[in-house]
Amino acid sequence: MDDDFFAVSDAAVAHAGSTKPGDVADCLGIMVYDLTGTITALATRYSYFPVIGLNFKLKGMWRDYAFWHEIGHVVKGHIDEPGFSTKHFGSVLFSQEVDSRSIPRNEREANIISAEYNIETKTVLEVIAYDTRTMQDYRRLKAYQDKLGESYKELCSSANADNPSQMVKYRLAEYQRSLKDLEDKKQELESDIAAMGCRHSFREIADELGTTETILKYKLEALRIRGYDIDTLELERYDKVFKGAM
């Protein structure tokens with residue numbers, strides 16, 4: 001992923017003044033038509049023109065997810081990759097997790113784009129309490145704790161394990177004390193977070209957003225690409241730690 005991952009789609013959204021996939025497709029000059037049969041959706045190029053097909057049976061949010069998924073294939077240039085069309089016709093929308101090792105790169109990218117524009121960022125951040133003071137403090141503390149932990153490991157690996165100098169012993173002891181203090185403070189913040197009642201399971205968050213757990217994780221990956229300090233594994237840990245804490 002690079003810093004310009006959303007560059008083309010963001011520009012189209014800005015020009016359209018909307019995240020509705022039909023409006024964005026119009027801005028990008030994409031021809032759209034209905035599909036029948038078993039194919040859910042497709043994206044290809046007809047002569048010089050990008051083309052998207054959507055199964056007429058798709059309704060509501062699933063039509064929007066499929067539509068944006070195919071727009072993703074267009075804006076990321078997948079439709080011009082050799083052999084893409086044949087392989088893509090057999091794919092299933094959001095059939096694999098974002099961290100799956102078997103998902104093709106182009107399908108992962110299209111899923112990320114679809115989740116990004118179909119789920120409102122502001123709503124996600126509200127649900128996970130991202131901008132609260134407590135969560136900001138927690139992220140800062142954890143980042144510092146991780147950095148200090150890496151420095152401690154580096155010192156341990158570089159020191160003479162059999163006969164460390166007095167200075168190294170002193171520094172190691174200082175690191176240990178600092179890391180213990182940070183862990184104690186982190187646990188205090190975790191208690192505060194539990195008391196806030198804002199930590200829910202992935203299923204609960206997805207239900208509140210009107211989506212699935214799989215799509216939610218693609219949205220969180222989109223936010224991470226945009227620079228938000230979101231650790232999906234940490235959220236999964238919260239799910240286990242804070243569930244039923246109140």
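Observations, loosely collected:
- Residues located in region 140-183, provided they are open to solvent by 40 Å² or more (accessible area, probe 1.4 Å) and assigned to a loop (DSSP other than H, G, I, E, B): ASN160, ALA161, ASP162, ASN163, SER165
- Taken as a whole, the condition of being at pLDDT below 90 and either among the charged types (D, E, K, R) or touching a strand residue (DSSP E or B) at 6+ places or on another chain (Cβ under 6 Å) (or both) applies to SER85.
- For region 105-139, the candidate set comprises residues that are at pLDDT 90 or above and part of a loop (DSSP other than H, G, I, E, B); within that set, the residue that is least open to solvent (accessible area, probe 1.4 Å) is ILE119.
- Residues satisfying the stated conditions in region 198-222, i.e. surrounded by 14 or more Cβ atoms within 10 Å (Cβ to Cβ), modelled with pLDDT of 90 or more and in a loop (DSSP other than H, G, I, E, B): THR211, THR212
- Given (1) without any contact (Cβ under 8 Å) to a residue 60 or more places away in the chain; (2) surrounded by 12 or more Cβ atoms within 10 Å (Cβ to Cβ); (3) closer than 21 Å to ASP229 by Cα, index of the condition ALA195 fails: (3)
- Of the residues contained in region 149-167, none is found to be touching a helix residue (DSSP H, G or I) at 6+ places or on another chain (Cβ under 7 Å), under 30 Å from LEU93 (Cβ atoms) and not polar (S, T, N, Q).
- Condition met for ALA16 (surrounded by 15 or more Cβ atoms within 10 Å (Cβ to Cβ) and of a type in the set (Gly, Ala, Ser)): yes
Matching residues to (1) of a type in the set (Gly, Ala, Ser); (2) over 30 Å from GLU174 (Cα atoms); (3) surrounded by fewer than 20 Cβ atoms within 10 Å (Cβ to Cβ); (4) out of contact with any Gly (no Cβ under 7 Å at 6 or more places or on another chain):
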| residue | (1), (2), (3), (4) |
| --- | --- |
| PHE56 | no, yes, yes, yes |
| LYS59 | no, yes, yes, yes |
| VAL74 | no, yes, no, yes |
| GLY77 | yes, yes, yes, yes |
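- Condition check for VAL51: in contact with a Ser or Thr (Cβ under 9 Å, 6 or more places away or on another chain) and at pLDDT 95 or above: yes
The values are calculated or read from the model by the stated rules, or taken from the named source; none is laboratory data. Only a predicted model underlies this, so the values are computations on that prediction, with no experimental measurement involved. Positions of Cβ are generated from backbone atoms using ideal geometry, with glycine treated the same way; all protein chains shown enter the neighbour counts. Keep in mind that these areas ignore ligands, DNA and RNA; they rest on the heavy atoms of the full protein, side chains included. Shrake-Rupley method; radii C 1.70, N 1.55, O 1.52, S 1.80 Å.
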